[in-house]
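What follows draws every value from the coordinates through simple rules; no lab data is involved. Note that the structure is predicted; figures quoted are calculated from it, not measured. Glycine gets a Cβ as well: all are built from the backbone with ideal geometry, and neighbour counts include every protein chain shown.
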Amino acid sequence: MKANYRRCISCRKIGFKQEFWRIVRVFPSGQLQLDEGMGRSAYICPKSSCLSAAQKKNRLGRSLHTSVPETVYQQLWQRLAQTEEEQSSPLA
Ligand SMILES: [Zn+2]
């Protein structure tokens, strides 16, 4: 697998890194954050199906070897809502 390819933790689709959201368990603090930071990372499609599967089955937690606070999922859902708004805009 080339460096620019990543796999979704929910549907296991492989795609370019830019197609996914990145969730990072930052080293050494262990804090979870989105997009940026050094540490163990998980990738997920910006889709409600993948997000809800990751949440229900704790895929994110398993992939990152940590417990995922509710706030992280809230951020992702919020971001998803924003993305869909942008996509449905006629100016997009
Ligand atoms: Zn996916």
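Would you tally the net charge around L64, using a Cβ to Cβ cut-off of less than 9 Å, leaving L64 out, and scoring K and R as +1, D and E as -1?
Spelling it out: positives minus negatives among the neighbours equals +3.
With r as the distance between the Cβ atoms of E70 and A3 and R0 = 41 Å, compute the FRET efficiency 1/(1 + (r/R0)^6) and round to 0.05. Can you show the working numbers first?
Working: r = 32 Å, r/R0 = 0.79.
It comes to 0.80.
Highest GNM mean-square fluctuation, the chain, Cα pairs closer than 10 Å: which of S52, S29, S63?
Result: S29 has the largest fluctuation of those listed.
Among R6, R12, R40, rank each residue by its count of other Cβ atoms within 10 Å, from fewest to most, as a rough exposure measure. Mind showing how you got there, number by number?
Details: R6 20, R12 8, R40 16.
Result, fewest neighbours first: R12, R40, R6.
Helix-only estimate, please: 222 nm mean residue ellipticity of the chain, summing -39500 (n - 2.57) across DSSP H runs of length 4 or more and dividing by its residues, to the nearest 500.
On the way: 3 runs with 34 residues, N = 92.
For the chain, the value works out to -11500 deg cm²/dmol.
If the chain were replaced by its equivalent ellipsoid, with semi-axes equal to the square roots of 5 times the Cα gyration tensor eigenvalues, what would those be, largest first, whole Å? Before the final figure, lay out each step's value.
On the way: eigenvalues 91, 50, 35 Å².
Those come to 21, 16, 13 Å.
Using θ = phi - 60° and the Karplus form 6.51 cos²θ - 1.76 cosθ + 1.60, what ³J(HN,Hα) does each residue of the range 31-46 get, whole Hz, x for Gly and Pro?
5, 8, 8, 9, 6, 10, x, 9, x, 5, 10, 10, 10, 9, 5, x
Once both labels are modelled 7 Å past Cα along the beta-carbon direction, what's the Q33-R12 spacing in nm?
Between Q33 and R12, the label points sit 3.3 nm apart.
What's the lysine pair count for the chain at a Cα cut-off below 21 Å, pairs eight or more apart or interchain?
Values: K2/K13; K2/K17; K13/K47; K13/K56; K13/K57; K17/K47; K47/K56; K47/K57.
Lysine pairs satisfying the spacing and distance rule in the chain number 8.
Given the options R59, R79, R25, state which has the largest fluctuation in a GNM of the chain using a 10 Å cut-off (strictly under) for Cα springs.
Most flexible of the set in this elastic network: R79.
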